[in-house]
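A short write-up of the structure that comes next.
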Amino acid sequence: MFDRLKSILTKPEPAITADDGPRLNAYATIDPMPARTFPHITLGEGDRSDPELSAHLDGFIGYVLSRGDGQMTHTRYHLMRHLQRVRHQVSLRVPHAALPAFAQWAQSANAVVFHEDGGVRDPWGRVLIDGAGDTDPASVVPHPEDAQQRKHRSEILLASRGITVAASLPPLLGQDEVRWQEAGTVTGRLMALLVVSTFAEGLRENDPVPVEVMQERLPEAFAHLSPKETAFLSAGGENDDLLNAMGWRYESLALLAWAVGFVPSLPFPGTICDVPGVCAAVLDAAASGELASATRRPTGELLDALDLHYRIHWAVRDASLGRRDYPAHVIPGVVLERHYALNWLSRFEDAAWDDVDTPT
């Protein structure tokens, strides 16, 4: 993998000056990428529209994870997460005199940088991981300023409710990093969740609405069912664990209904959602045609919700391991469903609905 990465940096290039500066490969999470106003020669670049970049990033993650003894560390883990968020990659050659300006650009692009020596460095040149797997303790995986501010606000809000979370938890996405699901995909998911959660509730009350009836009344929902949801409807509740999981999907439904404006507010996750109200809002939107013209809430609001629920979820999981008391006035199932829906909405790991992960 090192040879493959190095080959990117050693493509033929035009002559520069006598200052034969280093060849660098920057991996930026910001879109659009800031202009490069410092002296340099561009050797190549790509973005997420190029399928080769995704394959390259997968290989680069493998390279990072294979260095040294291969043991997962805090820096290695968050470097991997950074690479998963990369939107642009650029290979360039920078004269030595321009390296300070390059560092400023790399910071504004939220980029990590691969060097010819096999090391991956933060924007300021400190080694995140080198070819031997070693790390400079002073190095920092970069995060956009707005993501850092959002982390700080979440911590203050939670502290005001008596909930402390680990300061080591990283910032999440910045507003120029996130790639939301398309609005039409979100509204299709809303309808699918309405069907499966209603069916689950009926099964638990021994009065399910027949699948055929729901398909007749809400045919558009069935085009958006996930494989697991389709299997659940076909099995008729034979799997108790799956039935319980689908019963909680009302909370995912409520979160996504809020995300596209059909529910006016998202209260702290200390109560279950207003199931009749949420369902009525979604059905009314479908009947009136509003579903087809739905738009997402402002990015800042959605990222605030994602950051907050990520940290609450960490506190819930920490309590489940016996390390603390459960956070007061928090319902774990509500937190999980909201975190799940928000990770899907923000395309975490580009996972399909059934495969969404909620690591903390």
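The values are calculated or read from the model by the stated rules, or taken from the named source; none is laboratory data. Quick caveat, the model's predicted, so the values are computed rather than measured. For neighbour counting, all protein chains shown are included, and Cβ atoms are generated from backbone atoms with ideal geometry for every residue, glycine included. Quick note on the areas: whole protein, heavy atoms, side chains included, nothing else; ligands and nucleic acids left out. Shrake-Rupley method; radii C 1.70, N 1.55, O 1.52, S 1.80 Å.
Shown here: the chain, whose C-alpha atoms stretch 80, 43, 35 Å along the first, second and third principal axes, sorted largest to smallest. Gain on full extension, evaluated as 0.36 nm per residue between ASP207 and ILE156 minus their Cα-Cα distance, stands at 13.9 nm.
Contact order for the chain, expressed relative to its length and based on alpha carbon pairs under 8 Å spaced 6+ residues apart, stands at 15 percent. The mean of 1/r over all distinct Cα pairs in the range 146-244, once inverted, gives the Kirkwood hydrodynamic radius of 16.7 Å. Take the Cβ atoms of ASP134 and ASN239, set R0 to 41 Å, and the FRET efficiency comes out at 0.30. Taking 7 Å steps out from each Cα toward its Cβ at GLN175 and ALA352 produces label points 3.4 nm apart. With both partners inside the chain, how many of the DSSP beta bridges are antiparallel, as a percent to the nearest 5? Around 100 percent antiparallel, to the nearest 5. Applying both filters, DSSP loop and at most 12 other Cβ atoms within 10 Å, to the trypsin sites (Lys or Arg not before Pro) of the range 303-353 gives ARG323. Length available on full extension from GLN107 to ALA280: 0.36 nm per residue minus the Cα-Cα distance, which gives 57.6 nm. Note that the range 245-294 shows a convex hull volume over its alpha carbon atoms of 75 Å³ per residue. Think of it as helices only: each DSSP H run of n ≥ 4 in the chain is worth -39500 (n - 2.57), and spread over all residues that comes to -15000 deg cm²/dmol at 222 nm. Taking the 1.4 Å solvent-accessible surface of the range 167-300 as the whole, the part contributed by carbon and sulfur is 51%.
In the range 234-324, the alpha-carbon atoms span a convex hull of 131 Å³ per residue. Modelled spin labels at PHE268 and ASP31, positioned 7 Å past Cα toward Cβ, are 3.6 nm from each other. Sequentially through the range 115-130, phi angles give Karplus couplings (6.51, -1.76, 1.60; θ = phi - 60°) of 9, 4, 7, x, x, 10, 10, 7, x, 8, x, 7, 6, 7, 7, 9 Hz, Gly and Pro residues having no value and appearing as x. Each peptide in 36-47, 112-123 receives the mean, over its residues, of other Cβ atoms within 10 Å, and ordering these scores from highest gives 112-123, 36-47.
What the range 96-195 shows is 42 Å² of accessible area per residue, with the surface traced by a 1.4 Å probe over protein heavy atoms.
Extension gain for LEU99-ALA183 works out to 26.1 nm (0.36 nm per residue, less the C-alpha to C-alpha distance). Give the angle, between 0 and 90 degrees and rounded to the nearest 10, that separates the Cα long axis of helix 249-259 from the longest principal axis of the Cα atoms of the chain. The helix 249-259 is inclined about 60 degrees to the chain. In loop segments of the range 158-241 as defined by DSSP, the GluC sites (Glu not before Pro) with at most 12 further C-beta atoms inside 10 Å of their C-beta are GLU182, GLU205, GLU238. Amide H neighbours of GLY44 under 5 Å, counting only residues 5+ apart in sequence or on other chains, H built in-plane at 1.01 Å? HN-HN under 5 Å from GLY44: SER91.
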